[in-house]
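Presented below is the structure to which this report refers.
The values are calculated or read from the model by the stated rules, or taken from the named source; none is laboratory data. Only a predicted model underlies this, so the values are computations on that prediction, with no experimental measurement involved. All Cβ positions, glycine included, derive from the backbone under ideal geometry; neighbour counts span all protein chains shown. Areas reflect the complete protein model, heavy atoms only, side chains present, ligands, DNA and RNA absent. Shrake-Rupley method; radii C 1.70, N 1.55, O 1.52, S 1.80 Å.
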Amino acid sequence: MAAQQGDGEVRQLLHDMIEAWNAGDAAAFAGCFTDSAEFVSWRGRRDTGRAAIEARHRDLFAGPLRGAWMNPDPTPYDVTYLAPDVALVVAAGVRSTALPEALAITITAVCEGGWRFASFHNTVAAPTSER
């Protein structure tokens, strides 16, 4: 589906999420998600809800993922609209010495009076030869 009216807002939301991650700001990071969002880590841990996402990331940013970063310009990344108020975002994920491999993220954004992420899934990125 072609770019929609909310395209700039979804891309800004992705940018805001990345900035919050890079700043280690769990509250701002979680603020990019809906109240009932689903977050699945690269290891398969599932956190449900903005409060759980914030609590988990507060611990991660203070500990094992301290200093981990996401590329502020996650190229390539794609935004595909599944409906006027639902977008699928696929981008490069986190880089960290604590993580063994590059990650890719798949996020569902929804517009409910404003764009927020309703789901987030991390996975190990395939080597370039497999993409």
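Condition first: touching a Pro at 6+ places or on another chain (Cβ under 7 Å) and either assigned to a strand (DSSP E or B) or open to solvent by 10 Å² or more (accessible area, probe 1.4 Å) (or both). Can you find one or more residues in region 68-86 that meet it?
no
Scan Phe39, Phe61, Phe33 and give me the residue that is free of Cβ contacts under 8 Å to residues at least 60 places away in the same chain and closer than 15 Å to Met17 by Cα.
Phe61
(1) within 19 Å of Asp25 (Cα to Cα); (2) modelled with pLDDT of 85 or more; (3) open to solvent by 70 Å² or more (accessible area, probe 1.4 Å): which one isn't true of Gly113, the others all being true?
The number of the failed condition is (1).
If we scan region 18-26, do we find a residue that is at pLDDT below 95, part of a loop (DSSP other than H, G, I, E, B) and exposed (fewer than 15 other Cβ atoms within 10 Å of the Cβ)?
Checked against the condition, which is being at pLDDT below 95, part of a loop (DSSP other than H, G, I, E, B) and exposed (fewer than 15 other Cβ atoms within 10 Å of the Cβ), region 18-26 yields no hits at all.
One residue is enough: does region 28-49 have a residue meeting the conditions part of a loop (DSSP other than H, G, I, E, B), modelled with pLDDT under 90, crowded, with 18+ Cβ neighbours inside 10 Å and not β-branched (Val, Ile, Thr)?
Within region 28-49, one or more residues are part of a loop (DSSP other than H, G, I, E, B), modelled with pLDDT under 90, crowded, with 18+ Cβ neighbours inside 10 Å and not β-branched (Val, Ile, Thr).
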